[in-house]
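Data first, discussion second: the structure below is written as structure tokens.
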Amino acid sequence: MDETYIKIKGKWTYLYREVGSKDRTVDFLLSKKRDTRTTKRFFRNALKQKHNQKLGVITTDKYAATELAIKRMKELQDVKHRNIKYLNNTVESDHKITKQISGFKSFQSTSNTVCLQ
């Protein structure tokens, strides 16, 4: 899981992404804010998905809001959390693609691009 920012219709928006073991986008969230509350919302939505019912490990970078959200969520108490930046390289490398795009015109074009990565 990682977050970055992208431009949609000329406004900066945070993109939260979960990438599965096969390096494909599993879930994502677009948000105006990057904080603990938004991170919790992302994880709660992700946990509702069938493919995340038996989540064993979450790998993140060392962003404090993400660590705090995971610690505060009862749903994630039995999940191993690895906050080692280099293990998160799959998601980090995809940021190059979204940064090269000068901006998305709509949510739909953003969604299509993110899901293809």
Subject >> Criterion (among the aromatic types (Phe, Trp, Tyr) and farther than 19 Å from Ser106 by Cα) met by exactly one of Phe28, Phe42 >> reply: Phe42
Original post:
Taking strands (runs of 3 or more DSSP E) that fall entirely within segment 1-68, which contain at least 3 residues that are at pLDDT 80 or above and either open to solvent by less than 30 Å² (accessible area, probe 1.4 Å) or of a type in the set (Ser, Thr, Tyr) (or both)?
Top reply: 2-8, 11-19, 25-31
Original post:
Do the conditions hold for Asp78, that is, is it charged (D, E, K, R), in a loop (DSSP other than H, G, I, E, B) and more than 28 Å from Gln108 (Cα to Cα)?
Top reply: yes
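The values are calculated or read from the model by the stated rules, or taken from the named source; none is laboratory data. Treat the numbers as computed from the prediction; the structure is a model and nothing was measured. Note: accessible area is taken over every heavy atom of the protein model, side chains too, but ligands, DNA and RNA are not part of it. Shrake-Rupley method; radii C 1.70, N 1.55, O 1.52, S 1.80 Å.
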